[in-house]
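Since the structure comes first, as structure tokens, the remarks are kept for the end.
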4 protein chains.
Amino acid sequence: MEIRFPFHSSLTQQNDFVHAGAITSILDSACGYAALSVVPEGHDVLSVEFKVNFLAPAVGEEFCARSQVKRAGKTLIVCAADAFACKNGEEKLVATMLATIMALQPNR
Amino acid sequence: MEIRFPFHSSLTQQNDFVHAGAITSILDSACGYAALSVVPEGHDVLSVEFKVNFLAPAVGEEFCARSQVKRAGKTLIVCAADAFACKNGEEKLVATMLATIMALQPNR
Amino acid sequence: MEIRFPFHSSLTQQNDFVHAGAITSILDSACGYAALSVVPEGHDVLSVEFKVNFLAPAVGEEFCARSQVKRAGKTLIVCAADAFACKNGEEKLVATMLATIMALQPNR
Amino acid sequence: MEIRFPFHSSLTQQNDFVHAGAITSILDSACGYAALSVVPEGHDVLSVEFKVNFLAPAVGEEFCARSQVKRAGKTLIVCAADAFACKNGEEKLVATMLATIMALQPNR
């Protein structure tokens, strides 16, 4: 699963890096979509918890997150995701997430 | 340390709850300010990593986060924070964070 | 919920501090017992995941962990716990955990 | 970096699975050795914090953990590790860790 978004000045913090909250959101979304790919049709997913390590300043023209399912249980799905900043055609790892996601049956 | 923000429809996700990213950001900010209160004057702080557990849907008129310093080291500060949704004058715990923050010397 | 254990040389690592694994185990147990106190009778509990921050060297004659339930859901229970080293009658916070625990029905 | 240890009955919990504490310890060690491989000679390493997700019961004749360095900073090293149970020649992923480790200069 891969998600991309372009740089926008509204996403920056005081040092002109993209804000940790925006990087966290793209990682969370990438994990959520990865989880959705392994639950039965019609099920929804919900983030139970996640941990993020911030590895480098998020500087670039574009950002992407790539996720994988580490384990798909009936109730809980564990996903990992990496976020990259793309600058001048080169990717740099800027953050990494390990997340626990819950599968929700339809019409609860 | 306490931070507050009012409900705004731009912060909601598909179920009209306030988005996990917004809750994470307020928790991160509350931890950052708590850390700032224990570093030497002129130092800045940077989130190394955090973990968030989402405990209940974030529904309310106002949201607040309260943080505490668990340990203030020379280089690393560990903080915990709770986020609450306020609805009809009652507070409900909606998320909790445990974070590691780095103290940065001025003029690096 | 509080758990205690005495210092024993078999639990130390290369610096004569009590090993992170032993501190993690006492925190995990304290969270597990806290979770057990809120699930229906006959249910068992299982650690889904935990995060631990190590705050100070674990040096002392006795160690204890104190836990609390942050949220008791039907399926998932979120607990926090602090571990303390006791030396000469004084307690020092040495580690803190935030954990997600699953309730398991009997006779699965 | 890979670490292995054989099954031993002293490491089991009430269900005859290898205890979460033992799995955590092997993951922590694997991350620590990975971090040691990227710090200057003579430096030591110390676990600042880690998060572990438990993915499957740890049942097998042998257990191993494989780690990688996600980012090697001057002060902090971030590592990820997976733990596997080996049974009848097949490996199964049983847990995964994301850890922050500090580099310590010699003769502090």
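The values are calculated or read from the model by the stated rules, or taken from the named source; none is laboratory data. These numbers were taken from a predicted model, which means no experiment stands behind them. Note that each Cβ is placed from the backbone with ideal geometry, even for glycine, and that neighbours are counted across all protein chains shown. The protein model used for the area step is the full one, side chains on, heavy atoms only, and it has no ligands, DNA or RNA in it. Shrake-Rupley method; radii C 1.70, N 1.55, O 1.52, S 1.80 Å.
Relative to the Cα centre, the charge distribution of chain A, modelled as +1 at Lys and Arg Cβ and -1 at Asp and Glu Cβ, gives a dipole magnitude of about 380 debye. Accessible area per residue (1.4 Å probe, heavy atoms of protein chains only) ranks A:11, A:104, D:27 as A:11, A:104, D:27, with the largest value leading. Note on residue C:92: lysines with a C-alpha under 23 Å away, same-chain residues under 8 apart excluded, are B:70, B:74, C:51, C:70, D:51.
What GluC sites (Glu not before Pro) does region A:1-105 have in DSSP loop regions with at most 10 other beta carbons within 10 Å? Answer in residue order: A:41. Among the residues of C:18-30, the average count of other protein chain beta-carbon atoms within 10 Å of the residue beta-carbon is 4. The distance between label points at residue D:36 and residue D:7 comes to 2.9 nm (points 7 Å beyond Cα on the Cα→Cβ vector).
With all protein chains in place and ligands, DNA and RNA left out, the 1.4 Å accessible area ranks D:7, B:50 as D:7, B:50, largest first. Can you pull out the buried accessible area for chains C and D, both sides counted, probe 1.4 Å, rounded to the nearest 100 Å²? Between C and D, the summed buried area is about 1200 Å². Relative to the dominant Cα principal axis of chain C, helix C:20-36 is inclined by about 30°.
Count, for each residue of C:75-88, the Cβ atoms from other chains sitting within 10 Å of its Cβ, then give me the mean as a whole number.
That average works out to 2.
Cβ screening of chain A for cysteine pairs under 4.7 Å finds these without a partner: A:64, A:86.
For region D:3-71 versus region A:57-105, the inter-centroid distance based on Cα atoms is 23 Å. Partner shielding of C:94-105 amounts to 3, given as the average count of beta-carbon atoms from other chains within 10 Å of each residue beta-carbon.
Here residue C:19 sits with roughly 60 square angstrom of accessible surface, probe radius 1.4 Å.
Counting 0.36 nm for each residue step from residue B:92 to residue B:56 and taking away their Cα separation leaves a gain of 12.1 nm.
Solvent-accessible area assigned to carbon and sulfur over region A:5-69 amounts to 54 percent, based on a 1.4 Å probe. Computed over neighbours whose Cβ is under 13 Å from that of residue A:3, the net charge equals -2, Lys and Arg +1, Asp and Glu -1. Counting only protein heavy atoms and a 1.4 Å probe, chain C has 47 square angstrom of accessible area per residue.
Note on residue A:46 and residue B:107: with the Förster distance fixed at 41 Å, the Cβ-Cβ geometry gives a FRET efficiency of about 0.40.
The local environment of residue B:84, defined by Cβ-Cβ distances under 14 Å, has a net charge of 0 under the rule Lys, Arg +1 and Asp, Glu -1. Here residue C:69 yields copy-to-copy label distances, from shortest upward, of 3.2, 3.4, 4.5 nm, the label point defined as 7 Å from Cα along Cα to C-beta.
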